[in-house]
Structures are given as structure tokens and as C-alpha cells.
Amino acid sequence: MSTKTTPYTPPAVWTWDQASGGKFANINRPIAGPTHEKELPVGKHPLQLYSMGTPNGVKVTVMLEELLAQGHTGAEYDAWLIKISEGDQFSSGFVEVNPNSKIPALLDRSTETPTRVFESGAILLYLAEKFRAFLPKDFAKRTETLNWLFWQMGSAPYVGGGFGHFYAYAPEKFEYPINRFAMETKRQLDVLNRHLADKSYMAGDEYSIADIAIYPWYGNMVEGKAYEAGEFLSVHEYKHVQRWAASIAERPAVQRGRRINRTWGDASEQVPERH
């Protein structure tokens, strides 16, 4: 790990004059909007999901599989693969569903006018309210669930775009950013570990959208599956998070949801699209 860097003085006005972002440099740009014209495919089911099997995508496929396991037939869905490394998220059709060009994006065609839903936390909340599932009815428990849902949405960028980027994807490794984001990732894991010391699930004794949101990120971390950084982050220290993650990993709907829109790893764990 490099400890010496050439001092950098920011220019008076930043300009985009070279690719940056390491592995994802070819899709990074400082402007929004579509780069090419392409309509999104539409299947026969009420819900159309456009996604990829990253942690944010897994949140939604797990939620949909959990709803189907409960018997909510209205949650039947088509899951279309969006290859983010190839720029599919910048097609005109995708930008129409999510102007922020990030997966996942959902189109609910069961409503009078199709309803677009983007941002994974918003999708989980939308589905929970639509099907009245995985969101406690008790006001205090509902509030606690939403506390942790929004905690995840605000915290995970430090894990993915922060630690994951500089530790695994950046073209060069530097001590300062890796230390900075490793420290924050471990702090977040400690937050979870302390919280789960006397609780089965994030909001108490009831499995909810908070667990569904947090598991793909932090469950992956303590299972040693994220960025091959388990040993580096000493994930064995977080016993309560590991116990919680193991219990969620045993759920059949979670196992199915983790496979959808996945295109890497063992072939038996890949279901690139679901129709």
C-alpha cells in the first residue's frame, strides 16, 4: 500500500479532461441524461424490474421473492438485466424510469398509469406499503424500521463507493482513503453489532424491510463475500451481526433473490433474468 503521494493542488475550476474511476472509468461522467436511444423490454408480469445482482439490486429481488413466498401473486415480476459496466443504465428507456441512471429501477404496470419507482430504499417502502408486508403496523416499530432503512441508505455509500472503491477497484491504492473508509466501515459494523446484541432483527422480533435492505451489504461483509476484505476488516469480531446474517441467509426467499440478475460466480448461483 502506497504511503507517499505527489501533493495535489485542486485547480480553481474543475474540468472533466480525463477518464477516472479505475474499473468503471468508461461509464463515469459529470453529466446526466441518456447516452443512446433504447427502449426497455417489458414482460407479462405486473412488476418490471431493471437491475443487476449488486447489493442494491439484491434488496429488491429478495423483497419480491419474500412477497411471493407470502402468497402475494401481485408481486410477480420480470427481472431484466442491466449491465452497468456496459452503460445500459444510460439508455433512454432506463433514464425515463430512473433519471439518476442507477440500478435498481421498478415499473409498476398494475396501476392505472404505470408507476416508476427508483432508489432501492424507496422501492422497498413502496412494495411494503402496496402489499402491507414487512413493515410493522405498530407506529413505534414502523418508525424503528424506517430509522434503520434510511440508516442503510445513508451509510452504504461509504462502504461501496468509499471502502469498496479504494480497496478493490481504484487503479492505485493509497493509504489515506483506504484507512478512512475502512475505519468508517468498521464503525458501521460496530453500530450494527451493538444494536443486534439483544435483538433477532433490526426492528426487534419482526423481520422487515430494514433487514432486507441491510443484509445484502453488511451480511455480505461479515460473510466475507464483499471485496475479499473479510480478513482485512476482521469481520469475525462482529458476532451478533454474523448470527443475524446467518439466520437471514437461511431463508429460501433470500437464497432465491440473491441469484436473480447475477452474472458472476458459480453458475448454479446465476439467474441473469427472471420471466
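Each reported figure results from applying straightforward, stated rules to the coordinates on display, with no laboratory input. It should be emphasised that the depicted structure is a prediction, and the values quoted were computed from it without experimental measurement. Methodologically, a virtual Cβ is constructed for each residue, glycine included, from the backbone with ideal geometry; neighbour enumeration extends over all protein chains shown.
Using a cut-off of 19 Å between alpha-carbon atoms, which aspartates and glutamates can reach K44, once sequence neighbours fewer than 8 places away in the same chain are excluded? In chain and number order, the partners are E65, E76, D78, D108, E112, E273. Given a cut-off of under 8 Å on Cα pairs at least six residues apart, what relative contact order in percent is computed for the stretch 116-275? Value for the stretch 116-275: 18 percent. For the chain, the residue among W148, N193, W217 whose Cα projects farthest onto the positive side of the dipole built from Cβ charges is N193.
When the chymotrypsin sites (Phe, Trp or Tyr not before Pro) in the stretch 168-270 are filtered for DSSP coil states and for at most 11 other beta-carbon atoms within 10 Å of their beta-carbon, the remaining sites are W264.
Rounded to the nearest 20, the size of the Cβ-charge dipole of the stretch 195-275 about its Cα centre is 240 debye, with Lys and Arg at +1 and Asp and Glu at -1.
Remark: for residue pairs K137/K239; K102/K199; K102/K130, the C-alpha separation exceeds 25 Å in K137/K239; K102/K199.
Only Cα pairs under 8 Å and 6+ residues apart enter the sum, and on that basis the relative contact order of the chain stands at 23 percent. Overall, the chain carries a charge dipole of about 220 debye about its Cα centre when +1 sits on the Cβ of Lys and Arg and -1 on the Cβ of Asp and Glu, all other atoms neutral.
Between the exposed loop cleavage positions of the chain, defined as GluC sites (Glu not before Pro) in a non-H, G, I, E, B DSSP state with at most 11 neighbouring beta-carbon atoms within 10 angstrom, the longest gap is 40-111.
Counting only DSSP H runs of at least 4 residues, each contributing -39500 (n - 2.57), and dividing by the residue count of the chain, the helix-based mean residue ellipticity at 222 nm comes to -11000 deg cm²/dmol. Between A170 and E223, take the C-beta separation as r, use R0 = 25 Å, and let me know the FRET efficiency to the nearest 0.05. Plugging the Cβ-Cβ distance into 1/(1 + (r/R0)^6) gives 0.60. Assuming R0 = 22 Å, can you tell me the calculated FRET efficiency for the pair K38 and D17, based on Cβ-Cβ distance, to the nearest 0.05? Using R0 = 22 Å, I get an efficiency of 0.20. Which whole number in µm²/s is D for the chain by Stokes-Einstein, with the Kirkwood Rh taken over Cα pairs at 37 °C and 0.692 mPa s? My calculation gives 165 µm²/s for D.
Of the three principal axes defined by the Cα atoms of the stretch 43-157, the extents in descending order read 42, 33, 24 Å.
Among the DSSP helices (H) of the chain, those spanning at least 20 angstrom by Cα along their long axis with an average Kyte-Doolittle hydropathy of 0.5 or more are 55-69; this is a geometric and hydropathy rule only. Take every pair of alpha-carbon atoms less than 8 Å apart whose residues are at least six positions apart; their mean separation over the length of the stretch 63-160 yields a relative contact order of 15 percent. Cα centroids of the stretch 157-221 and the stretch 58-87: how far apart, whole angstrom? First find each Cα centre; the distance between them is then 23 Å. When all alpha carbon pairs of the stretch 130-275 are counted in 5 Å bins from zero, the resulting P(r) reads 2, 9, 17, 20, 19, 16, 11, 5, 1, 0 %. For E269, neighbours were defined as the other residues whose beta-carbon sits under 12 Å from its Cβ, and their charges (Lys and Arg +1, Asp and Glu -1) total +4.
To the nearest 20 Debye, how big is the dipole of the stretch 47-131 about its Cα centre, given +1 on the beta carbon of each Lys and Arg and -1 on that of each Asp and Glu?
That gives the stretch 47-131 a dipole magnitude of about 140 debye.
Exposure here means at most 10 other Cβ atoms within 10 Å; with trypsin sites (Lys or Arg not before Pro) in a DSSP loop as sites, the longest stretch of the chain lacking them is 138-275.
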